[in-house]
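The values are calculated or read from the model by the stated rules, or taken from the named source; none is laboratory data. What you see is a predicted model, and the numbers here were worked out from it, not measured in a lab. Because the Cβ atoms are built from the backbone with ideal geometry, glycine has one as well, and the counts that use them run over all protein chains shown. Remember, those area values only see protein heavy atoms, side chains included, never the ligands or the DNA or RNA. Shrake-Rupley method; radii C 1.70, N 1.55, O 1.52, S 1.80 Å.
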Amino acid sequence: MLVPTRLELAWVEGTLRIHWPDGRCQSLEHSRLRAACRCAACRSKPGGETQAATARVVGVEDMGYGIQIVFDDGHDRGIYPWAYLQTL
Ligand SMILES: [Zn+2]
């Protein structure tokens, strides 16, 4: 399992930067992360992607196998395993 060496919340850019051990730096937009939430509620809700456009990340919790992301729309159910983040 590839585990990031560092996570960086870039507020100004509105991105989350993930530094991987192979030296790659992945930059993911907050809106992209919100739209990519795989929790049961988001998967069953059509049109979730458009709502996500303005969402911002307000917190990131390290779960060991991935991260739990808290968004400013109050959504905190999304768990993003490392392997899944790499596909975004
Ligand atoms: Zn969700």
Completion exercise
Only unsatisfied item for MET1, checking (1) open to solvent by 70 Å² or more (accessible area, probe 1.4 Å); (2) in a strand (DSSP E or B); (3) in contact with a helix residue (DSSP H, G or I) (Cβ under 9 Å, 6 or more places away or on another chain), is (2)
Problem - Residues located in segment 50-74, provided they are open to solvent by less than 60 Å² (accessible area, probe 1.4 Å) and part of a helix (DSSP H, G or I) - result: ALA52
Handout entry: Condition check for SER31: among the hydroxyl-bearing types (Ser, Thr, Tyr) and assigned to a strand (DSSP E or B)
Key = no
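So that you can scan it fast, the table gives a plain yes or no per residue for (1) touching a helix residue (DSSP H, G or I) at 6+ places or on another chain (Cβ under 7 Å); (2) among the charged types (D, E, K, R):
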residue	(1), (2)
GLY14	yes, no
ALA53	yes, no
ARG56	yes, yes
ALA83	no, no
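Condition (residue is open to solvent by less than 60 Å² (accessible area, probe 1.4 Å) and at positive phi) applied to segment 21-39: is it met by at least one residue?
no
Out of curiosity, is SER31 in contact with a helix residue (DSSP H, G or I) (Cβ under 6 Å, 6 or more places away or on another chain) and hydroxyl-bearing (Ser, Thr, Tyr)?
Yes; evaluated as a whole, the condition is true for this residue.
Mind telling me which of the residues LEU88, LEU16, LEU9 ends up being aliphatic (A, V, I, L, M), surrounded by 13 or more Cβ atoms within 10 Å (Cβ to Cβ), part of a loop (DSSP other than H, G, I, E, B) and touching a residue at least 12 places away in the same chain (Cβ under 8 Å)?
LEU88
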Fill in the blank from the handout: A careful count of residues in segment 36-69 that are among the hydrophobic types (A, V, I, L, M, F, W, C) and over 9 Å from the mean Cα position of the chain (by Cα) gives 9
